[in-house]
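Each remark here refers to the structure printed beneath this line.
The values are calculated or read from the model by the stated rules, or taken from the named source; none is laboratory data. Here the structure is a predicted model, which is why all the values come from computation and not from measurement. FYI the Cβ positions are ideal-geometry reconstructions off the backbone, even for glycines, and counts take in every protein chain you see. We work out accessible area using only protein heavy atoms, side chains counted, and drop any ligands, DNA or RNA first. Shrake-Rupley method; radii C 1.70, N 1.55, O 1.52, S 1.80 Å.
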Amino acid sequence: MKKLINERQLPSLLSREEMLGILQREEYGFMPPSPDCISFSKAPLRNENVFAGKGLLWEITVALKINGKDFSFPVSLMIPEGEGPFPFFVNINFEKNIPNYYFPAEEILDNGFAAFNLYFKDVTADNDDFSDGLAGVIFPEGRKNNTDCGKIAMWAWAAQRCLDYAETEPRLDMKRAAVCGHSRLGKTALVAAATDERFYYAHSNDSGCSGASIARDNTGETVSDICRVFPYWFCENYKKYTDNEYSMPFDQHFLLASIAPRFVTVGSADEDAWADPTGEQLSCFAASPAFEKDGQSGFICDRKAVTGDTFFEGNIGYFLRKGRHFFSREDWNKMFEFIRSKN
Ligand code: GCU
């Protein structure tokens, strides 16, 4: 693994502040500003307790002012029956209703967690329409600067607003706030945790290019592929690195390193070549020194992963499961296992 890392000539890690500055300026764009004011309303999503009485389900409307303009979006929240405070996830999701494909509600409750389900398109459309939702509010005349943020930063920002709500809910344990997502939303979960220290743990599921995976010599999706098909996820500056990854003053290990000294797991799937499992594991290695401070441990692993491997000893966890690109129940169980091992 050391050899693979050396071949990629990765830029050395910097301070968290410097790395976040570079990642925002060159890749994701600068995060939208904090809201001027924010309020919440809450309505039950079902009349009775859900899932055999194991949980409660609400829809929260987050209403805020940003740049003097009103903006609101809904998010669902499921809390186990009982007083809490419960550890919780903000799951940035492709689906809205609960339960869904990527939100195994009963397993989450049975494992003692609460969870927000944030449907990404409730924040802004997943396309180049910058007049839609939050994009239209922060860029009333469209994007103008090369560092104006793309959609990933906007979804990540919305996940942080869920924490603003969580701070008002005594049944949620703010010391145990996790964020997770799959694929483009795995990239988003990492950005959310990197830029907001209130998240104590992030899970990237098959996030691949521009997420957990090192871009230099990536064997799957490249910066050129992603900038051609999904340019609106990023700021304009990112396009400079099309077919030019070795000129980047950063690589994706900066993103994981910006989560230090907190916790992060990277989940890969062995048939998901597009997300480059090896590139994902490499960034865990390369980010490790940022975590190895103050008695913490980084990524404890001495070899390239084979299917079924789990490396959960340090603050950075990695696993390679069998199968395809998907946020499966197995991935959720891995998150529960990692969190439990750190308590
Ligand atoms: C595409 C894209 C990936 C992304 C994925 C997804 O495959 O190329 O970068 O992670 O969509 O979000 O499902």
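Residues in segment 90-113 that are assigned to a strand (DSSP E or B), open to solvent by less than 10 Å² (accessible area, probe 1.4 Å) and without any contact (Cβ under 8 Å) to a residue 60 or more places away in the chain: Phe103 alone.
Only one of the numbered conditions (1) in contact with a Gly (Cβ under 9 Å, 6 or more places away or on another chain); (2) within 16 Å of the ligand (Cβ to nearest atom); (3) not polar (S, T, N, Q) is violated by Asp173, and that is (2). Just name the residue that is most open to solvent (accessible area, probe 1.4 Å) out of those in segment 182-205 that are small (Gly, Ala, Ser) and near the ligand (Cβ under 9 Å from one of its atoms). In this case the residue turns out to be Ser183.
Close contacts from segment 50-75, counting a first residue that is in a strand (DSSP E or B) and a second that is acidic (Asp, Glu) and surrounded by 14 or more Cβ atoms within 10 Å (Cβ to Cβ), with Cβ to Cβ under 8 Å and a gap of 6+ residues or different chains, come to Gly55/Glu81; Leu56/Glu81; Val62/Asp164; Phe73/Asp122; Pro74/Glu59; Pro74/Asp122; Val75/Glu59; Val75/Asp122.
Is it the case that Leu4 is in contact with a Ser or Thr (Cβ under 8 Å, 6 or more places away or on another chain), at pLDDT below 95 and surrounded by 13 or more Cβ atoms within 10 Å (Cβ to Cβ)? So Leu4 passes the test. Could you tell me whether Val179 is modelled with pLDDT of 95 or more and open to solvent by 10 Å² or more (accessible area, probe 1.4 Å)? So Val179 fails the test. As an exercise: evaluate Ile60 against (1) open to solvent by 60 Å² or more (accessible area, probe 1.4 Å); (2) more than 16 Å from Pro249 (Cβ to Cβ) and give the number of the one condition it does not meet. Tallying (1) open to solvent by 60 Å² or more (accessible area, probe 1.4 Å); (2) more than 16 Å from Pro249 (Cβ to Cβ), Ile60 fails exactly one: (1). Step by step: first the residues of segment 269-278, then only those that are assigned to a helix (DSSP H, G or I) and within 12 Å of the ligand (Cβ to nearest atom), then the one that is least open to solvent (accessible area, probe 1.4 Å). Which residue is that? It comes out as Ala275. The lone criterion from (1) closer than 19 Å to His182 by Cα; (2) part of a helix (DSSP H, G or I); (3) more than 13 Å from the ligand (Cβ to nearest atom); (4) open to solvent by less than 10 Å² (accessible area, probe 1.4 Å) left unmet by Val266 is number (2). Here Asp225 passes the criteria (1) open to solvent by less than 20 Å² (accessible area, probe 1.4 Å); (2) outside any loop (DSSP other than H, G, I, E, B) except the one numbered (1).
Applying the criterion of being among the basic types (Lys, Arg) and part of a loop (DSSP other than H, G, I, E, B) to the residues of segment 140-173, the residue that is surrounded by the most Cβ atoms within 10 Å (Cβ to Cβ) is Arg143. In segment 206-234, which residues are more than 16 Å from the ligand (Cβ to nearest atom) and modelled with pLDDT of 95 or more? If the condition is that a residue be more than 16 Å from the ligand (Cβ to nearest atom) and modelled with pLDDT of 95 or more, then Arg216 is the only one that fits.
Listed here are the residues, each with its yes/no results for (1) closer than 17 Å to Pro11 by Cβ; (2) in contact with a His (Cβ under 9 Å, 6 or more places away or on another chain).
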{"position": "Phe254", "(1), (2)": "yes, no"}
{"position": "Ala286", "(1), (2)": "yes, yes"}
{"position": "Ala290", "(1), (2)": "yes, yes"}
{"position": "Gly298", "(1), (2)": "no, no"}
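Annotation note: of Gly150, Gly133, the sole residue that is within 23 Å of Trp58 (Cα to Cα) and of a type in the set (Gly, Ala, Ser) is Gly133. Every condition in (1) more than 15 Å from Cys162 (Cα to Cα); (2) touching an Asp or Glu at 6+ places or on another chain (Cβ under 8 Å); (3) small (Gly, Ala, Ser) is met by Ala63 except one, and the failing one is (1). When Phe291, Phe327, Phe311 are checked against the criterion of being crowded, with 20+ Cβ neighbours inside 10 Å and closer than 16 Å to Gln252 by Cβ, Phe291 stands alone in meeting it.
Screening Phe116 on (1) touching a residue at least 60 places away in the same chain (Cβ under 8 Å); (2) not in a loop (DSSP other than H, G, I, E, B) shows it passes everything except condition (1).
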